[in-house]
Amino acid sequence: MTQTDPTTRLVVCASDLLEASKKAMLFMEDCFEVQPPDDHEIEIYNALRGAVAGAGGFAQETHWWQGPCLCDACHYRWQGVVEIHIARISPEYGLECSNCHEMKGGPA
């Protein structure tokens, strides 16, 4: 048996990893509805969101939500734009405030 290059193995399973990342994001969003996330959970969620976005996003399973946002931490208002799962009508998790960079923003 020959040793396969790690990059080749990653490419082979990339589709499965992307689907698992999408499912993990949606699961985490459901959990955030029940209990607010801590900093470590937000860090993991953002890493997943970045990986999914880098791979092309959710594509046809999502739409772009756009609306006014308000940060619970610093009360800054801004117009938010984020890709969300098609089953949702607004972001169900904290958005990063463009002023204080806390993950405490959401629909105003």
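Descriptive notes on the structure:
- Among the residues making up segment 86-108, those that are in contact with a helix residue (DSSP H, G or I) (Cβ under 6 Å, 6 or more places away or on another chain) and not aromatic (F, W, Y) are I86, E92, M103.
- Here segment 50-89 is the region considered, the condition is being among the small types (G, A, S) and free of Cβ contacts under 8 Å to residues at least 12 places away in the same chain, and the residue that is nearest to M25 (Cα to Cα) is G50.
- Subset tally (residues that are of a type in the set (G, A, S) and in contact with a helix residue (DSSP H, G or I) (Cβ under 6 Å, 6 or more places away or on another chain)) for segment 7-41: 2
- Residue satisfying all of: in segment 30-64; in contact with a strand residue (DSSP E or B) (Cβ under 8 Å, 6 or more places away or on another chain) and in a helix (DSSP H, G or I); farthest from Q79 (Cα to Cα) among these: E61
- Scanning segment 77-99 for residues that are under 17 Å from P36 (Cβ atoms), of a type in the set (A, V, I, L, M, F, W, C) and either assigned to a loop (DSSP other than H, G, I, E, B) or over 14 Å from the mean Cα position of the chain (by Cα) (or both) gives a single hit, C97.
- Counted residues, segment 37-76 - those being aliphatic (A, V, I, L, M) and within 11 Å of the chain's Cα centre (by Cα): 7
- For T4, the conditions (1) at negative phi; (2) surrounded by 11 or more Cβ atoms within 10 Å (Cβ to Cβ) are fulfilled apart from (2).
- Within the set A20, A51, the sole residue that is of a type in the set (A, V, I, L, M, F, W, C) and under 27 Å from C100 (Cβ atoms) turns out to be A51.
Rule-based calculations on the coordinates, nothing more; no lab input. Being a predicted model, the structure only gives us computed values, none of them experimental. Here Cβ is always computed from backbone atoms with ideal geometry, including for glycine, and neighbour counts include all displayed protein chains.
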